Amino acid sequence: SSCSVPVHVRSSTPVAMAGTRRKGGAAKKAAKQPASAQGKRKGTAATAPHEETAAVTMGKHKEEEEEEEELFPADFPASDDDEGADDHDDDDGDDSEEELEDSEEDSSAEEDFVGEDDEDEEELLLLRGGDGDDEEEEDDDDLQTDIDGVIMENVVDNIVALAKCLGPHSLPLLRVFVPTLLSLARAKTTVAQRSVLAGCVGLLAETLQVHIAEFIPEMLPVTTEYLGDVEDEVRSNAAYSIGLLCRYGGEPLFGMHQQLLQLLHKTCLSRREVQEDNSVDNACGAVARIVCANPHGLQLPAIVPVLINHLPLQQDTAENAPVFECLTMVLRNNPALMSERMPRILESAAKLLAENVTSVAPALQGFLQALQSCDPAGFMQRIAPFPALVQFVQAH
């Protein structure tokens, strides 16, 4: 037939496209087409002329639809001559359907596997305590807290340095700075800020000494409030400051000494069982300074044994110095109060010397001299069990 050649060419084009688009959606539709349509595309040379002409016309329309919708041509009428080709295409269709089913199973299995991985990752995040955002926020808060503490510490250091340089001449400036610092102390501040502000009072008192008196009405309420703080560092600095305020505050504070001693015992000295608590050592130093400021107005028989029982002070060894200064004063005024507890005192002194706590050396020297004055004949016999003390006395 004169029309068989063009019909053969046009009918083969969709078949070639079907072979190149097996992975897309069009390939799935091609595999599901009836075998009669696929056989018609392969065996068109055996059809009648009028049927071939109709097929050509239909093929043109279908190709235009395919370009728009990317679909294969619709089913052609089946022919009796295409039965053999139909059987062959049925096998191809079955193979294609099996491949698609396998592909879908693999895809489903992959999705299940990925889903399990996602669930495992979620469980792991839950076990770790979240997605990490909370930890980053906590780190940022800690960093900001450290920065605030450093800034406050530098401010206080500069104010104290100014007081040391100018002495009493710094009072007009301190009348401006101190209220501002105390207003910050009353606000809700961080641990670092509270600690620095509590210690600032003691540093100014130690620097100005008797000139600190005019600031005591403002400073003392803040320091006593900090004495009940939950943080050891804050309580420790508050105890240190209270001791120095009482040491240099003079008679106006005598009426408050007994109340402050009770407060120090309640908040700090009763916490002796807590390890690494600096507030105990600083409270002992504060008690010793209060006794030195008002030795005749306090019940020494109740106070001195408490100090001796806490010796030697291990966390803040510098506070051993005011304690031994206090014991020296008591020894000179009331030797009988010390005699029974002298072995414990000498043992503590020898331990401090053995540990090379140099800050306590002047106070120890004063105490040993007072002891020698009270008992010249028996002095060497008392210190003989402690070689460190014997060596110290011989060196001084």
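The test for being among the acidic types (Asp, Glu) and in contact (Cβ under 8 Å) with a residue 24 or more places away in the chain holds for Glu347. Output yes when any residue across the range 264-277 is part of a helix (DSSP H, G or I), without any contact (Cβ under 8 Å) to a residue 60 or more places away in the chain and open to solvent by less than 10 Å² (accessible area, probe 1.4 Å), and no when none is. Yes, that holds for at least one residue. For Ala302, which of the numbered conditions (1) small (Gly, Ala, Ser); (2) within 29 Å of Glu206 (Cα to Cα); (3) in contact (Cβ under 8 Å) with a residue 24 or more places away in the chain fails to hold? Just one mismatch for Ala302, condition (3). For the range 346-396, a residue qualifies if it is open to solvent by 90 Å² or more (accessible area, probe 1.4 Å) and either aromatic (Phe, Trp, Tyr) or closer than 18 Å to Ile308 by Cα (or both), and the qualifying residues are Glu347, Lys351.
In this structure, is Gly243 surrounded by 19 or more Cβ atoms within 10 Å (Cβ to Cβ), small (Gly, Ala, Ser) and either touching a residue at least 60 places away in the same chain (Cβ under 8 Å) or not in a loop (DSSP other than H, G, I, E, B) (or both)? Considered against the rule, which asks whether it is surrounded by 19 or more Cβ atoms within 10 Å (Cβ to Cβ), small (Gly, Ala, Ser) and either touching a residue at least 60 places away in the same chain (Cβ under 8 Å) or not in a loop (DSSP other than H, G, I, E, B) (or both), Gly243 comes out as yes. Counting residues in the range 327-344 that are surrounded by fewer than 19 Cβ atoms within 10 Å (Cβ to Cβ), among the β-branched types (Val, Ile, Thr), free of Cβ contacts under 8 Å to residues at least 60 places away in the same chain and out of contact with any Ser or Thr (no Cβ under 7 Å at 6 or more places or on another chain) gives zero. The test for being open to solvent by 10 Å² or more (accessible area, probe 1.4 Å), at pLDDT 95 or above and closer than 26 Å to Thr358 by Cα holds for Ala321.
Thr189 satisfies every condition listed in (1) outside any helix (DSSP H, G or I); (2) of a type outside the set (D, E, K, R); (3) closer than 20 Å to Leu253 by Cβ except (3).
Within the set Arg289, Arg271, the sole residue that is of a type in the set (Lys, Arg) and either modelled with pLDDT of 95 or more or more than 36 Å from the chain's Cα centre (by Cα) (or both) turns out to be Arg289.
The values are calculated or read from the model by the stated rules, or taken from the named source; none is laboratory data. What you see is a predicted model, and the numbers here were worked out from it, not measured in a lab. Neighbour counts run over all protein chains shown; Cβ positions are idealised from the backbone, glycine included. Ligands, DNA and RNA are stripped out before the accessible areas are found, and what is left, the full protein with its side chains, is counted by its heavy atoms. Shrake-Rupley method; radii C 1.70, N 1.55, O 1.52, S 1.80 Å.
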